[in-house]
Amino acid sequence: MKIAVSGKGGVGKTTFSASLVKYYLQQGYQVYAVDADPDVSLGTVLGLPEGVVDGLKPIVEMREIVANNTGGTGAFFSLNPDVEGLLNSYCYREGKLSFLKMGAVKQGGSACYCRENSVLNALIGTLLVRKQEVVVLDMGAGIEHLTRGTARGVDMMVIVTEPSRVSIHTAKVIQQLAGDIGVKHVGFVGNKVRNRKEEQFLYDHLPSDSLLGIIPFNENVLEYAMGITGVGPTGLFDVSGITHRIMREVGETEGL
């Protein structure tokens, strides 16, 4: 199962991603947790050691390694670099969890980031297309890490949204972008829902057949995100029902 998670900043997207990772680990699967959101640390929300999260440099910033994997520092470089070595050497592993920091896709400017973006695209392609493990890709509000070539490997794009017009608007923009590059299955998750009125707002503004689930507002989640000790895993979401809905949507009834 390959799941990409996106949504407007602050909607709880990274906490939802971490909840998916924890759920699949509890089910006994090998899981790749990929931090592709430069603004929030998936590793921190997962509860990984602070020193590990801070010390794990994003792949896009490892210029020497990027150069070595794209054919050196000359003017010409491979558009299809071999990244298996990167996956084997630069993931943090803890039991059945493999954690990887991608870094941001670089835009045009004074420096050329063609090599870095080539490596990022190859990494995503390798994880989504060739790897058999569960992959949870925590993205920013955009979908820059996905291209037409890698989108075919995504089983489901989950867009997390709050019950607000701004958040809904962002969610629908992301849905359009995902459809434009060929993501076949796109679903929404409503988060931070405090009452029936807010729940109805989501049903009124999102297609009911694409609404995978509603997550009520939970004070523990806020405390967990703030790093308050003693909160523990109750600071993550119960996503069991949502994962079952995802598997039904993508037509997977046995295994992943």
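Within the stretch 7-29, the set of residues being closer than 22 Å to Q176 by Cβ and in a loop (DSSP other than H, G, I, E, B) comprises K8, G9, G10, V11, G12.
Please pick out the residue among D155, D204, D138 that is without any contact (Cβ under 8 Å) to a residue 12 or more places away in the chain and either at positive phi or not basic (K, R) (or both). D204 is the lone residue from the list that is without any contact (Cβ under 8 Å) to a residue 12 or more places away in the chain and either at positive phi or not basic (K, R) (or both).
Screening the stretch 95-192 for helices (runs of 4 or more DSSP H) wholly inside it with 2 or more residues that are surrounded by fewer than 18 Cβ atoms within 10 Å (Cβ to Cβ) and at pLDDT 80 or above returns the ranges 165-180.
Which residues, taken from the stretch 198-218, are among the polar types (S, T, N, Q) and not in a helix (DSSP H, G or I)? Full working, then the answer.
Taking the stretch 198-218 and keeping what is among the polar types (S, T, N, Q), we get 200, 208, 210, 218.
The answer is N218, and nothing else.
When the stretch 206-224 is limited to residues that are open to solvent by less than 40 Å² (accessible area, probe 1.4 Å) and more than 21 Å from L236 (Cβ to Cβ), the one that is farthest from the chain's Cα centre (by Cα) turns out to be L206.
The one condition from (1) touching a Leu at 6+ places or on another chain (Cβ under 8 Å); (2) at pLDDT 90 or above; (3) among the hydrophobic types (A, V, I, L, M, F, W, C) that I65 does not meet is (2). Residue-level check: of (1) under 19 Å from K2 (Cα atoms); (2) surrounded by fewer than 20 Cβ atoms within 10 Å (Cβ to Cβ), Y203 misses just (1).
The values are calculated or read from the model by the stated rules, or taken from the named source; none is laboratory data. Owing to the predicted nature of the structure, the values given are computational and were not obtained by experimental measurement. Backbone-built Cβ (ideal geometry, glycine too); neighbour counts: all protein chains shown. Remember, those area values only see protein heavy atoms, side chains included, never the ligands or the DNA or RNA. Shrake-Rupley method; radii C 1.70, N 1.55, O 1.52, S 1.80 Å.
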